[in-house]
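Reading through the structure tokens given below for one structure.
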Amino acid sequence: MAFIPHTDEDARAMLRAIGADSIEDLFDEIPRKLRAGPLTGIPLAANEMEIGRVMSARAAADGRPLNFIGAGAYEHHIPAAVWAITTRGEFYSAYTPYQAEASQGTLQTIYEYQTMIASLTGMQVSNASLYDGASALAEACLMAVRANRRSQSARILMPRAVNPTYRKCAKAIAGLQSLDFQPVDFDAAAGDTPVNRLAAHAGSDITAVVIQQPNFFGVLEDVDALTDWAHANGALVIAVVNPTALALLKPPGEWGAAGADIVVGDGQPLGVPLASGGPYFGFMTARLEHVRQMPGRIVGRTLDLDGRPGYTLTLQAREQHIRRSKATSNICTNQGLVVTAATIYMAILGPLGLERVASASMARTTELVAALGALPGIKVAFSGARFHEALLTLPRPVAPVLDALARRGIAGGLDVSGDYPELGNALLVCATETKTTEDIAAFAAALKDVLSEGSSATGKVHS
Amino acid sequence: MSTANPAAGPTMAARELTVFELSRPGRNATAQMPAVLGAVVPEHLRRRRRPLLPELSELQAVRHYTRLSQLNFSIDTQFYPLGSCTMKYNPRGCNEYAMLPEFLGRHPLAPASQGQGFLTCLFELQEMLKDVTGMQGVSLTPMAGAQGEFAGVAMIRAYHLARGDTARDEIVVPQAAHGTNPATATMCGMKVIEIPCNAEGDCDLERLRQVVGPRTAGIMLTNPSTLGVFERTIADIEAAVHGAGGLLYYDGANLNAILGKVRPGDMGFDVIHMNLHKTFSTPHGGGGPGAGAVGVGSRLLPFLPIPMVGRDGETYRWLVEADRPQSIGRLSGFMGNAGVLLRAYIYMRMVGREGMGRIGEYATLAANYMLARLRQAGFEPAYPTRRATHEFIITLRREARDPGVTAMDVAKRLLDYGFHAPTTYFPLLVPECLLIEPTETETKEAMDGFVDAMVAILREAGEDASRVKGAPYTLPVRRLDDVRAAKHLDLTWKPPT
Amino acid sequence: MSTSLLPSDLRYTKSHEWVRQNPDGTVTVGITDHAQHALGDLVFVEVPEAGRVLAAGDAFAVVESVKAASDVYSPIAGEVAQGNASLADAPEQINSDPYGAGWLMQLRPAAQASAGGLLDAEGYAAFLAETAE
């Protein structure tokens, strides 16, 4: 039996010590009629070699398309050392550091992570991570309601230029505690969220304003004006940011006159592979005065009995295992292993490396937009300055075009027409430092082919 | 018995410097620097000051984090009988095949046509989890047990609202429940009604019958319970709650005890969350990532969180809002912790039909063996008349009075003996408790070694309690000042002024 | 198990608050020695601002130790005259002097507020004895 070491002799010796005749006796407290029959839905056991063949065949079937999708998950080169160290058994198979003395490796790594991510976002404190960027936004909204004592409304202004899945997730998770999410429209020409769009809410009781930078379309928002407006109206600012972009962009702690109050985002770009959607991690940083309202674990540095520095989980009194129904959240795990990888990634890249990744990604996207925008019928949707993503409008519905590109081994971007019907045949594309001029040329050539293959809206296969 | 710590790195005398103290301005990992490609950020949005990130050579970074890893206890290096955490072996093969480059490189939003291999694995995982739990539908999206709990309670709420029953805003929770249970109920806008357990560890049925009624949305139960014993009156509990119009939620934290022997669906549960990082052996990773898949009976099928994997003939695709209009919605940015799910899939395939039935048996055998040996050695079980399930509780309340060592002291001294301590002080109901769960993957010798260490520590305590109270001695740090940590917050490294 | 201090001039609640009647008509409220002992070393305390209006049973403060964070409930309706600001830097005063320097707030009771339901020292001691394990 896989992974069970006991021989018959071991089992007999254990039963003797227990004073039972058989393993079945040990289940005598469980009513007989509850016993399960054979599990016919589970295949017979495969050994490692056999399951390896199955998995390899399935992976080969999926292949490795040339990827130009961003939309919240970004392909960057990950130094080999990152996961070689992260998957060491001492990191991989350790548990939550409840026995601090036996977990200094994990705890010091998280302390270093907290330091790096707080500085990157320009804030004073960080937690040890949340599940992902979308759920982190939900938690930030709940935290803003707790932290903004002057506001009673629990109303959150949520621009439509914020990632649509993040908005759905915030509603699904935070909506059950009577939060009121109000949409704010974006500018159709520039693709950003101008301050005058918030004006309709001036003078009303707003708990928080969410600002995503860069926004879902890759466009750069005027974060200073938006932040100052929010504060002038008694609202907290929740920033949702891309960590790579922060190597080049003004961090949320420096937005406007006073800086953002809570910062969240997805840390996936920092050394975490795309991996079909997870595991990623959500980061959350904040002003020091809000630290006791932060959900999740936090690592602190302290001294041991001999006066030596050491690390431990702290401020646990806020958490579910102590506070129970009054907890700041029900969160138990963080994303420990993934945060370990991100910390090693940031340590290896350093400030220079992260800047280079960010600027190379911006440059490649500029190149991509030029190449694709030159094709007949394709328009660049927005005039605003962008980071490493852009919205294009196509002369035909996007979905069949993407299918045709998929058949050519290219993941050509994300069809956003479903979430933004007013934008028409809208395609969100992204290029990072991993793409070369040849890759971009190949994409442009393939797209040109696909678009010129007749005008069938169903995109039937042309050989 | 060795008192040396096998987990310590080569030099324990000097503390590990932080990565910032190892940095030198201008150093970098040259092989990792992308070529310079210029990009211009608008003036008013430009970052002025560099963030505090390390400036190191690649070797420095590798050495630093490798050395840090060596300061940890882990399943790969120590016996780790943490009750309720199911610290079984994390098979290397699961990691190997979950990290095949094609799976790692795939964008979550790539078309389904480019992900049939991946989607096949997830669909089959959904089906296997349905079978092993006796449920009708499974969603793999919750990213942790706590998120699975949230999904479960949110679905119960959605079910009652869909029936037009808006009065049900109470969730019944046993006093011994894990803290996530009441915290989850609050997150879903519900009120928590606690019921006590009796001295035998079963839920107080009389009290339950008193508190259930037209305001009861449901009850959250763990079975076996957090006290390490099987909830014998589950049939009566089910009748009481269903009879009052409420639903039954199963916290799957202790599923390892009954895996293959009993199915929660057969016990009458309407919804269950599973901890794939416990029962299905995905790595604990120093505190995550986990995965909290949820399973439901037919009543709650329409409400499952999205996305889920569906099959049209031979093709797999994601089921989204349009397919599942009554879903409670999305809980993540994409589809949950895909890499964790692949590991769970591979594990279940390697364990297989024959193996699945054995896990509950051997986990229970191992726990009962340790209980018997510890009892023989003079330790006091919290529920002496009950069988252990996959775990059991020892109370050190006598030892706390005489010779004056607490569960905390014993736990810290166990670290010196090279064992990770069991869970301490949970459940809160039992004073000075150790919750011990060996799992089915540990040898008899490992378990004997642990019992011998406990006996030795008790003897030490009798000779000189202060020796035990001052533990640990052989780890990178001595006991840490928690009060100082919470009062004088030092949460980020700052350069010396 | 330590014997709790129970000054006889105070009144007590079953949720472990004490109340002192002041000559100027205000009352001072804190948590008992039993409560501070159960919590352990206090690391953080949140007290209310002056002017806040409380009903009987409202949570008016949070006391946090390493083990627990607990709400503290107002025994009487009224308006907060002041919170003990010195607890921000020295929460441990609650541990060392729960009935003196560790006071939490001073309250101006509402005109019709009743002090019914408060226990005297013997009553609280009896309550502690019967709920002890």
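Some notes on this structure:
- Within the range A:264-294, the set of residues being surrounded by 24 or more Cβ atoms within 10 Å (Cβ to Cβ) and either among the hydrophobic types (A, V, I, L, M, F, W, C) or over 30 Å from residue A:80 (Cβ atoms) (or both) comprises A:264, A:270, A:272, A:274, A:275, A:281, A:283, A:284, A:286, A:294.
- Scan of the range A:21-56 for residues that are more than 7 Å from chain B (Cβ to nearest Cβ), aliphatic (A, V, I, L, M) and either surrounded by 12 or more Cβ atoms within 10 Å (Cβ to Cβ) or under 22 Å from residue B:366 (Cα atoms) (or both), ordered by number: A:54
- Residues considered: B:152, B:148, B:137, B:164. Of these, the only one that is at positive phi and more than 7 Å from chain A (Cβ to nearest Cβ) is B:164.
- Just one of the listed residues (B:50, B:67, B:63) is part of a loop (DSSP other than H, G, I, E, B) and at pLDDT 95 or above, namely B:50.
- Candidates B:265, B:292, B:286 - the one that is surrounded by fewer than 24 Cβ atoms within 10 Å (Cβ to Cβ) and farther than 15 Å from residue B:88 by Cβ: B:265
- In the range C:22-69, counting only strands (runs of 3 or more DSSP E) that sit wholly within it, the ones holding 1 or more residues that are within 14 Å of chain A (Cβ to nearest Cβ) and crowded, with 20+ Cβ neighbours inside 10 Å span C:42-46, C:59-65.
- One residue alone among B:331, B:396, B:415, B:428 is facing chain A (nearest Cβ under 7 Å), closer than 29 Å to residue A:100 by Cα and of a type in the set (A, V, I, L, M), and that residue is B:415.
- Only one of the numbered conditions (1) in a helix (DSSP H, G or I); (2) more than 7 Å from chain A (Cβ to nearest Cβ) is violated by residue B:350, and that is (2).
- Any hit, the range C:75-88, residues being away from chain A (no Cβ under 14 Å), part of a loop (DSSP other than H, G, I, E, B) and at pLDDT 95 or above: yes
- For residue A:418: the one exception among (1) over 29 Å from residue A:77 (Cα atoms); (2) under 25 Å from the mean Cα position of the chain (by Cα); (3) assigned to a helix (DSSP H, G or I); (4) not charged (D, E, K, R): (3)
- Any hit, the range B:476-490, residues being out of contact with any helix residue (DSSP H, G or I) (no Cβ under 8 Å at 6 or more places or on another chain) and in contact (Cβ under 8 Å) with a residue 40 or more places away in the chain: no
- Counting the residues of the range A:95-128 that are without any contact (Cβ under 8 Å) to a residue 24 or more places away in the chain and more than 23 Å from the chain's Cα centre (by Cα) gives 4.
- Residue in the range A:390-397 that is touching a residue at least 24 places away in the same chain (Cβ under 8 Å), among the basic types (Lys, Arg) and surrounded by 18 or more Cβ atoms within 10 Å (Cβ to Cβ) present: no
- Checked across the range B:225-237, the condition of being surrounded by 24 or more Cβ atoms within 10 Å (Cβ to Cβ) and either modelled with pLDDT of 90 or more or not assigned by TED's automatic domain parsing to the domain that holds residue B:192 (or both) holds for at least one residue.
- Tally of residues being part of a helix (DSSP H, G or I) and without any contact (Cβ under 8 Å) to a residue 60 or more places away in the chain across the range B:466-475: 2
- Hey, residue A:441 in contact (Cβ under 8 Å) with a residue 24 or more places away in the chain, outside any loop (DSSP other than H, G, I, E, B) and within 23 Å of residue A:165 (Cα to Cα) or not: no
- Taking the range A:57-68 as the range and being in contact with a strand residue (DSSP E or B) (Cβ under 6 Å, 6 or more places away or on another chain) and facing chain B (nearest Cβ under 7 Å) as the test, the residues that pass are A:65, A:67.
- The combined condition, being more than 7 Å from chain A (Cβ to nearest Cβ) and more than 25 Å from the chain's Cα centre (by Cα), is fulfilled by residue B:57.
- Figure legend. Inter-residue proximity from the range A:286-314: first residues more than 7 Å from chain B (Cβ to nearest Cβ) and in contact (Cβ under 8 Å) with a residue 60 or more places away in the chain, second residues surrounded by fewer than 17 Cβ atoms within 10 Å (Cβ to Cβ) and not acidic (Asp, Glu), beta-carbon distance below 6 Å, spacing 6+ or different chains. Indicated pairs: A:293/A:146.
- In this entry, residue C:79 is excluded by the filter for residues that are within 21 Å of residue A:291 (Cα to Cα) and touching a residue at least 12 places away in the same chain (Cβ under 8 Å).
- Annotation note: of A:137, A:157, the sole residue that is at pLDDT 95 or above and closer than 30 Å to residue B:493 by Cβ is A:137.
- Residues of the range A:307-318 classified as surrounded by 20 or more Cβ atoms within 10 Å (Cβ to Cβ) and not in a strand (DSSP E or B), total: 4
- Strands (runs of 3 or more DSSP E) contained entirely in the range A:180-250, each with at least 2 residues that are among the polar types (S, T, N, Q) and within 14 Å of another protein chain (Cβ to nearest Cβ): A:208-213
- Selected residue (criterion: nearest to residue B:38 (Cα to Cα)) from residues of the range A:417-438 that are without any contact (Cβ under 8 Å) to a residue 40 or more places away in the chain and not acidic (Asp, Glu): A:436
- Screening residue A:172 against (1) under 28 Å from residue A:313 (Cβ atoms); (2) within 12 Å of chain B (Cβ to nearest Cβ) leaves a single unmet condition, (1).
- Taken together, B:423, B:406, B:389, B:441 contain a single residue that is more than 21 Å from residue B:230 (Cβ to Cβ), hydroxyl-bearing (Ser, Thr, Tyr) and crowded, with 20+ Cβ neighbours inside 10 Å, which is B:441.
The values are calculated or read from the model by the stated rules, or taken from the named source; none is laboratory data. Please read all numbers here as calculations on a predicted model, not as lab measurements. FYI the Cβ positions are ideal-geometry reconstructions off the backbone, even for glycines, and counts take in every protein chain you see.
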